[in-house]
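S.K.: Would you mind keeping the following structure in view while I ask a few things?
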Amino acid sequence: MQNAAVVSALFALVAVGGHTQQSTPQIDTNATVPQVDPKTMTPPRPLNSVEAEFPADGRTKEISGRCAISLTVDLAGKPEDPKVVRCSDPAFEKNSLDAAAKYRFKPATRNDGTPVAVQIFITVSYMRSGAGFPAAKVRYGVFSPPGTTSDSPDADGVYPLTKSMTAPAITKFSDEGFGDAAFMFPGNASCIVVLTINAKGKPSNPSITQCYKSGLEKPAIASLLNSRYTPATVNGSPVPVRMSVRLQFDGTYPTQ
């Protein structure tokens, strides 16, 4: 088999009468594709819609849930080696694997039309009436931006975050899809964003310095721009500051 590249997919399952109805997955054509330049290949395209059964254990526990599944789409467009990346509850593992194995795809191709095997990540979500959905937990922290060598402000009066000041605090984090996007990837997927917090606590000018996958960049930036902050202070006075913020997937909250 050819080396597998990595793209990402996302599809939703909505509980109806104790079962799930599944929509066609949408494949993120902007996802990072290692070993194959995304500009020189077309990702696989799903050819069918699959219905997955809401598991009996999920009904017994009266919970909603979701699972992230990885699989390889082979040269013929068939799924191979589906594996659970993570599940909010073990009750949803088997049915998610069964559903993923039933998909058929138009295989990924290079620009010259040559089929290529690729690995995709899929999120399967189960919604049960009256049960809360397992929202993603996101951990965050602030630190000095790259290249900081002084605690003096720049020509625009913006300070770099250093130990000589009181750092801004995120008083209300607004997850604009980062946790859901990070859920599908292995480990504690993270992004580091540099942004400015002005003397009134308003964020601006974000730039990505590091991200586990390119598909996490937009929701990471949106989350930080829509969050609320206290300003940095120097000797008790608010000042604008440039700082790095790390966002990291940290599991899911239990359903209620």
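S.K.: Would you grab the residues whose amide H sits under 5 Å from the one on residue 132? Only those 5+ places off in sequence or on another chain, please, with H modelled 1.01 Å from N.
M.R.: Hits under the 5 Å cutoff: 64, 256.
S.K.: First select every other residue whose beta carbon is under 10 angstrom from the beta carbon of residue 250; then total the charges, Lys and Arg +1, Asp and Glu -1.
M.R.: Numbers: positive: 137, 139; negative: none.
Around residue 250, the charge tally is +2.
S.K.: Same structure again: Which one, 131, 170, 121, projects farthest toward the positive side of the charge dipole computed for the stretch 116-192 from Cβ point charges (K/R +1, D/E -1)?
M.R.: 131
S.K.: Only counting other Cβ atoms within 10 Å, I'd like 217, 51 sorted with the fewest neighbours first. Don't skip to the end; give the middle numbers.
M.R.: On the way: 217 20, 51 11.
The order, fewest Cβ neighbours first, is 51, 217.
S.K.: What is the local net charge at residue 160, summed over the other residues whose Cβ is closer than 14 Å to its Cβ (Lys, Arg +1; Asp, Glu -1)? Let's see the in-between values first.
M.R.: On the way: positive: 163, 242; negative: 151, 154, 156.
Overall, the nearby charge balance is -1.
S.K.: Tabulate in residue order the Karplus-calculated ³J(HN,Hα) for the stretch 151-163, using 6.51 cos²θ - 1.76 cosθ + 1.60 with θ = phi - 60°, rounded to whole Hz; enter x for Gly and Pro.
M.R.: Listing the rounded values in order: 9, 7, x, 7, 5, 8, x, 8, 7, x, 5, 9, 6 Hz.
S.K.: Taking a quarter of the surface of the Cα convex hull of the stretch 136-252, what do you get in nm²?
M.R.: Averaged projected hull area, Cα only: 6.9 nm².
S.K.: Treat every Asp and Glu Cβ in the stretch 136-252 as -1 and every Lys and Arg Cβ as +1, leave all other atoms uncharged, and give the resulting dipole magnitude about the Cα centre to the nearest 20 debye.
M.R.: Roughly 180 debye for the stretch 136-252.
S.K.: Which whole number in µm²/s is D for the stretch 114-179 by Stokes-Einstein, with the Kirkwood Rh taken over Cα pairs at 10 °C and 1.306 mPa s?
M.R.: Values: Rh = 17.2 Å.
Taking Rh from Cα pairs, D becomes 92 µm²/s.
S.K.: Given Cα pairs under 8 Å that are at least 6 residues apart, what percent is the relative contact order of the stretch 136-252?
M.R.: 41 percent
S.K.: Quick query: amide H of residue 169 versus all other amide H atoms, modeled in the peptide plane; which residues come in under 5 Å with a sequence gap of 5 or more or a different chain?
M.R.: Residues meeting the amide H criterion: 230.
S.K.: Where does the charge balance sit around residue 48 when Lys and Arg score +1, Asp and Glu -1, over other residues with C-beta under 12 Å from its C-beta?
M.R.: Counting the neighbours of residue 48, the net charge comes to +4.
Quick note: the coordinates plus some simple rules give every number you see, no bench work behind them. All figures in this text were calculated on a predicted structure; none of them were measured in a lab. Here the Cβ is made from the backbone with ideal geometry for all residues, glycine too, and neighbour counts use every protein chain on show.
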